[in-house]
Amino acid sequence: MSDHDIRRVWTDDELDSALATLRADVRTAAPVLAEARAALITTIEQAEPARGKRPRRSTRRWLAGAAAVAVLVAGTLLVQTVSFGGPAPATAEAVQTLDRAAAQAIGAVDGPVGPGRYRYVATHAWWMGSTTSMDGREFAWLSEHLQETWAPANPEDEWLLRQEITGNVQWVNSTAEEADAAGVRTDSRWPEGEWRAPCGDFFGGSDCEDPGSWQKPTAQWQAGLPTDPAALYERLRADAPDDRGDAALLTYAADALRSGLIGADLRAALYRALTRLPGLEVTERQANLDGRVGIALGVDDGDRRHDIIIDPETGLFLGERQVVTDWLGEFDTGTVVSFTSVTTGVVDTIGTQPAG
Amino acid sequence: MMTEHADGGGASDADDRPDLSGPHPARIFGHLFDRHSGPLHRYLARRVGDLADDLVGETFLIAFQSRAGYDPGRGTARSWLYGIATNLLRRHVRQEVRGLRAAARAAGSAAGAEDHDNRVADQVDASARARLLADALVELEPGDRDVLLLTGWAGLDSNEVAEALGIPVGTVRSRLHRVRRRLRTHASNTEHPRSGDE
């Protein structure tokens with residue numbers, strides 16, 4: 001006997017149908033592409049001012065992680081139709097909230113860091129991860145990424161950065177038991193560890209010459225900003241990318257506020273600048289972020305709303321979050337797809353946390 | 001629900017062959033990403049499964065970093081992107097082969113009971129053939145696999161495949177012809193004909 005007895009040559013159509021069928025069941029999860037897009041855009045934006053300089057690979061990677069959520073707002077596969085229906089300014093309540101926070105920020109609780117001491121900033125960022133299980137179900141979760149920074153009074157002294165994935169997870173569209181049963185793994189490639197460098201330039205090696213940006217608000221960069229809120233607003237509008245409408249301005253402001261390194265005066269000016277932001281409104285009066293409650297102010301970019309959350313008593317920036325407003329059924333309206341809480345303090349020794 | 005951007009057809013030449021060295025790279029590459037990432041991810045996922053999640057981002061990062069090397073006169077941005085992705089896939093041939101072996105072994109849907117229904121039988125045939133094809137793809141040279149799948153899965157035409165792989169278009173056509181002939185005979189080797197066939 002021989003194989004030739006049963007051999008039958010396929011037609012072109014049969015080959016084509018086999019090709020079309022083979023592994024045709026793959027799916028693309030929107031968050032995967034959203035993350036990739038965010039990392040790409042962040043890389044480009046980081047590379048832009050440094051054009052012509054040596055590429056700074058690890059910086060980009062770190063910033064890509066840190067800023068991914070901020071840029072995630074952009075949406076990816078969806079054709080964006082951002083329309084704000086004309087120049088509607090921030091609502092009266094938003095203006096009032098920001099003005100009050102600005103007034104309080106001036107008498108700030110987070111005073112200057114004395115010589116030889118350190119500003120401590122802890123950022124608890126809950127970023128979304130997602131995967132498709134073997135049986136085709138999509139699982140999404142928020143995973144806690146802790147970033148602690150010790151910034152010396154003199155920025156040219158040594159800084160310390162610690163990054164840790166805490167293992168804390170909040171499931172978005174399933175229970176922990178369901179995810180467990182499906183064998184979902186919540187791995188992340190975010191780099192963990194400890195880095196030390198003068199000027200907080202942990203990955204760049206810029207010899208303290210980094211001019212700074214909204215994403216990396218060095219003291220020198222802060223000193224170069226206008227103090228007048230109207231002028232500061234214009235600067236924000238000039239610096240923020242113009243492809244996402246007014247939501248991009250809030251994201252840039254939040255990037256700087258999130259660093260925990262913004263001085264009280266600048267924070268006040270920034271709050272006042274944001275009163276000019278079209279579409280900004282109070283979205284929740286008692287927003288709970290990781291157990292801390294503040295007033296949420298946000299702008300909807302058409303798919304998602306970006307909220308910043310401010311403590312009305314102290315004017316402190318508590319953090320931010322992103323909430324689905326209309327994401328084509330991917331998640332229910334109101335789903336929080338990321339949030340970040342920021343706490344700051346002053347310590348005497350690098351590597352120690354403030355008491356209490 | 002996602003919207004897959006139509007790749008190619010109807011788009012302007014400037015869209016197909018954008019100037020990637022322009023002054024607003026974030027906007028240019030954002031647009032490039034929105035246009036091509038969905039289909040590219042799907043193509044990569046069909047070839048190497050979950051690795052596609054990383055590779056799609058890597059492809060665009062490399063594209064950005066090497067944008068000076070893109071010449072709109074020599075090919076479409078799409079060919080160029082798939083060329084970059086093809087290079088990345090070369091590092092993951094073992095993963096691809098594992099995936100194809102798994103696809104070849106995948107349990108077939110219950111045939112037989114509904115053989116009288118021709119449409120169902122056709123579908124059963126298609127998935128049975130897909131398993132045989134998976135087996136045969138393992139045996140192909142990686143370069144042959146690229147030509148076949150860039151055409152059959154990514155939907156590139158011969159010119160685009162030539163641009164992507166940096167080989168003459170005549171070579172693409174003859175290679176594709178040879179690979180298809182081989183698959184039509186070889187892949188069907190172990191197929192058992194249904195009774196009453198032909």
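The values are calculated or read from the model by the stated rules, or taken from the named source; none is laboratory data. Model, not experiment: these values are computed from the prediction. Cβ atoms come from the backbone with ideal geometry, glycine included; neighbour counts cover every protein chain shown.
Residue by residue, here is whether (1) modelled with pLDDT of 90 or more; (2) crowded, with 20+ Cβ neighbours inside 10 Å; (3) more than 14 Å from chain B (Cβ to nearest Cβ) holds:
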{"site": "A:ALA273", "(1), (2), (3)": "yes, yes, yes"}
{"site": "A:ASP290", "(1), (2), (3)": "no, no, yes"}
{"site": "A:LEU318", "(1), (2), (3)": "yes, yes, yes"}
{"site": "A:ASP326", "(1), (2), (3)": "no, no, no"}
{"site": "A:THR352", "(1), (2), (3)": "yes, no, yes"}
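How many residues are of a type in the set (Asp, Glu) and modelled with pLDDT of 85 or more if we restrict to the range A:1-24?
First, pick out the residues of the range A:1-24 that are of a type in the set (Asp, Glu): A:3, A:5, A:12-14, A:16.
Remaining after also requiring modelled with pLDDT of 85 or more: A:12-14, A:16.
Summing the residues that are of a type in the set (Asp, Glu) and modelled with pLDDT of 85 or more in the range A:1-24 gives 4.
Within the range B:99-107, is even one residue touching a Phe, Trp or Tyr at 6+ places or on another chain (Cβ under 6 Å), within 11 Å of chain A (Cβ to nearest Cβ) and at pLDDT 85 or above? First the steps, then the outcome.
Applying the first criterion (touching a Phe, Trp or Tyr at 6+ places or on another chain (Cβ under 6 Å)) to the range B:99-107 yields none.
No, there is no match, as no residue in the range B:99-107 is touching a Phe, Trp or Tyr at 6+ places or on another chain (Cβ under 6 Å), within 11 Å of chain A (Cβ to nearest Cβ) and at pLDDT 85 or above.
I'd like the residue in the range A:345-356 that is among the small types (Gly, Ala, Ser) and not in a strand (DSSP E or B) and, out of all such residues, is farthest from A:ARG285 (Cα to Cα). First the steps, then the outcome.
First pass over the range A:345-356, keeping only residues among the small types (Gly, Ala, Ser): A:345, A:351, A:355-356.
Now drop any that are not not in a strand (DSSP E or B), which leaves A:351, A:355-356.
Values: A:GLY351: 35, A:ALA355: 29, A:GLY356: 26 Å.
Among those residues, the one meeting the criterion is A:GLY351.
Go through (1) within 30 Å of A:SER133 (Cβ to Cβ); (2) surrounded by 14 or more Cβ atoms within 10 Å (Cβ to Cβ) one by one and return the number of the condition A:LYS216 breaks.
(1)
Which members of the range A:144-159 meet the condition of being in a strand (DSSP E or B), surrounded by fewer than 20 Cβ atoms within 10 Å (Cβ to Cβ) and more than 16 Å from the chain's Cα centre (by Cα)?
Hit for the range A:144-159 is A:GLU158, nothing else.
Exactly one of (1) more than 9 Å from every other protein chain (Cβ to nearest Cβ); (2) over 21 Å from A:SER133 (Cβ atoms); (3) modelled with pLDDT of 90 or more is unmet by B:LEU55. Its number?
With respect to (1) more than 9 Å from every other protein chain (Cβ to nearest Cβ); (2) over 21 Å from A:SER133 (Cβ atoms); (3) modelled with pLDDT of 90 or more, B:LEU55 is out only on (2).
Determine which single condition B:TYR82 fails, assuming it passes every other condition in (1) of a type outside the set (Gly, Ala, Ser); (2) modelled with pLDDT under 90; (3) under 19 Å from B:GLY152 (Cα atoms).
For B:TYR82, the exception is condition (2).
Right, A:TRP141: surrounded by 13 or more Cβ atoms within 10 Å (Cβ to Cβ) and in a loop (DSSP other than H, G, I, E, B) or not? Outline the logic, then answer.
Working: surrounded by 13 or more Cβ atoms within 10 Å (Cβ to Cβ): yes; in a loop (DSSP other than H, G, I, E, B): no.
Taking the combined requirement at face value, the residue does not satisfy it.
Could you list, in sequence order, the residues of the range A:310-344 that are without any contact (Cβ under 8 Å) to a residue 24 or more places away in the chain and assigned to a strand (DSSP E or B)?
A:VAL324
In the range A:35-55, what residues are at pLDDT below 85, more than 7 Å from chain B (Cβ to nearest Cβ) and not in a loop (DSSP other than H, G, I, E, B)?
Matches in the range A:35-55: A:THR42, A:GLN46, A:ALA47.
What's the total number of residues in the range A:201-216 that are within 17 Å of A:PRO152 (Cα to Cα) and at pLDDT below 75?
Counting residues in the range A:201-216 that are within 17 Å of A:PRO152 (Cα to Cα) and at pLDDT below 75 gives 1.
What are the residue pairs meeting all of these: first residue in the range B:155-174, first residue farther than 12 Å from B:GLY143 by Cβ and modelled with pLDDT of 90 or more, second residue surrounded by 14 or more Cβ atoms within 10 Å (Cβ to Cβ) and among the basic types (Lys, Arg), Cβ atoms under 7 Å, and 6 or more apart or on different chains?
From the range B:155-174, the pairs are B:SER158/B:ARG173; B:GLU160/B:ARG78.
On the given criteria, is A:VAL299 surrounded by fewer than 23 Cβ atoms within 10 Å (Cβ to Cβ) and hydrophobic (A, V, I, L, M, F, W, C)?
On the way: surrounded by fewer than 23 Cβ atoms within 10 Å (Cβ to Cβ): no; hydrophobic (A, V, I, L, M, F, W, C): yes.
Spelling it out, it is not the case that A:VAL299 is surrounded by fewer than 23 Cβ atoms within 10 Å (Cβ to Cβ) and hydrophobic (A, V, I, L, M, F, W, C).
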